[in-house]
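Read through the structure below, which is laid out as structure tokens, and then see the notes.
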Amino acid sequence: MSAGIAVIAEADTASASAPPTDATIEVAGSRVVLRPSGAFFWPERALLAVADLHLGRAERTAREGGDLLPPFESIDTLDRLEAEIMALAPRMVVCLGDSFDDLAAARNLSEDVLLRIGRLAAGRKWCWIAGNHDPGPVELPGTHLAELRLGLLNFRHIALSRLGASGGEISGHYHPKAKLIRRGTSVTRRCFLSDGRRVILPAFGTYTGGLDVMDGAFDPLVGPDGTAWLLGKQVTGIARSHLRK
Ligand SMILES: [Fe+2]
């Protein structure tokens, strides 16, 4: 068992009845918080970011003749987002793309979901970053942007393979997850992936799969020195070099 795996096993045992615990890290000189929910919080700006909500997935899957999924995923996702908004009172919410499973899914959202989005966005800035699933503008409260720069942090859907000399990047798209072995059992968890200049967020949406952090797609983005921050009772960092696919 690697040192990193030992750490997460101890953390889970020790915190069984304790409230969930964040991890605080630095990205391009800014202190940011990684939440057990998979949300990202930047206290200095009171900014909450979430990635890959994929609202309307059940509707899209049914429309395209795929599996019929229980159609409650959008409300479930928004319930969890509302809990984070209630806990953190952000002045700004940034949805990092793939907020909708496609643009038709955005147009076909139920009245319940539209009302909920309107309520969550009231009284704060709300930004929809374009994703590969939802590249166009949407007729919902908030601003639709290709990407957003605030201070030294760039918010976009897909991480750039090369970052400029200064600044950090907050992105989504890959739905990172990590696998570890605990007591002889394989456990897979959603995770953040960071390297001090970037944070790639896990998918926040219900019914979203994931890509293992050991996949070669991550090599040019974080390298072996990157850290996977696994979601759980406690957000726990494990060096990517200590994980196996
Ligand atoms: Fe996605």
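Every read-out reported here was derived from the displayed coordinates using simple, explicitly stated rules and does not represent laboratory data. If you're wondering where the values come from, they're calculated on a predicted model, not measured in any experiment. Every residue, glycine among them, receives a Cβ derived from its backbone with ideal geometry; neighbour counts consider all protein chains shown.
Can you give the Rg and Dmax of the stretch 73-114 based on its C-alpha atoms, in angstrom?
Both quantities, over Cα of the stretch 73-114: 11.5, 32 Å.
If packing is taken as the average count of other Cβ atoms within 10 Å, what order do 148-160, 130-142, 40-52 fall into, highest mean first?
On the way: 148-160: 18.5, 130-142: 16.6, 40-52: 21.5.
Ranking, from highest mean packing down: 40-52, 148-160, 130-142.
Projected onto the charge dipole of the chain (+1 at Lys/Arg Cβ, -1 at Asp/Glu Cβ, origin at the Cα centre), which of 143, 48, 210 gives the Cα projection farthest towards the positive end?
48
Which of the peptides 97-103, 224-230, 24-30, 234-240 is most tightly packed, and how do the rest follow, judged by the mean count of other Cβ atoms within 10 Å per residue?
Packing order, densest peptide first, comes out as 97-103, 224-230, 234-240, 24-30.
Could you pull out every residue, at least 5 positions away or on a different chain, whose amide H is within less than 5 Å of the one on residue 150? Hs are placed 1.01 Å off N in the peptide plane, and Pro or chain starts have none.
Answer set, sorted by chain and number: 155.
Looking at the chain, send over the antiparallel percent of its DSSP beta bridges, to the nearest 5.
55
How big is the dipole moment of the stretch 90-209 about its Cα centre under a simple scheme where the beta carbon of each Lys and Arg is +1, that of each Asp and Glu is -1, and everything else is neutral? Debye, nearest 20, please.
My answer is approximately 720 debye.
Against the empirical 2.2 N^0.38 Å scaling, what ratio does the C-alpha Rg of the chain come to?
0.98
Less than 17 Å from a label point 7 Å out along the Cα-to-Cβ axis of residue 69: which backbone N atoms in the stretch 171-185 qualify, by residue?
Those under the cut-off are 173-177.
Measure of size requested: the Rg and Dmax of the stretch 23-74, with Cα atoms as the atom set and Å as the unit; please supply both.
Reported Rg and Dmax, both Å: 16.5, 47.
Run lengths n ≥ 4 of DSSP H only: what is the helix-derived mean residue ellipticity at 222 nm for the chain, with -39500 (n - 2.57) per run over all residues, to the nearest 500?
Computed mean residue ellipticity for the chain: -6500 deg cm²/dmol.
How large is the convex hull of the Cα atoms of the stretch 74-169 per residue, expressed in Å³ as a whole number? Can you show the working numbers first?
On the way: hull volume 9.9 nm³, N = 96.
Considering the Cα atoms of the stretch 74-169, their hull volume per residue is 103 Å³.
How big is the convex hull of the Cα atoms of the stretch 137-245, per residue, in Å³? Provide the component values of the computation, followed by the final result.
Numbers: hull volume 14.5 nm³, N = 109.
Residue-normalised Cα hull volume stands at 133 Å³.
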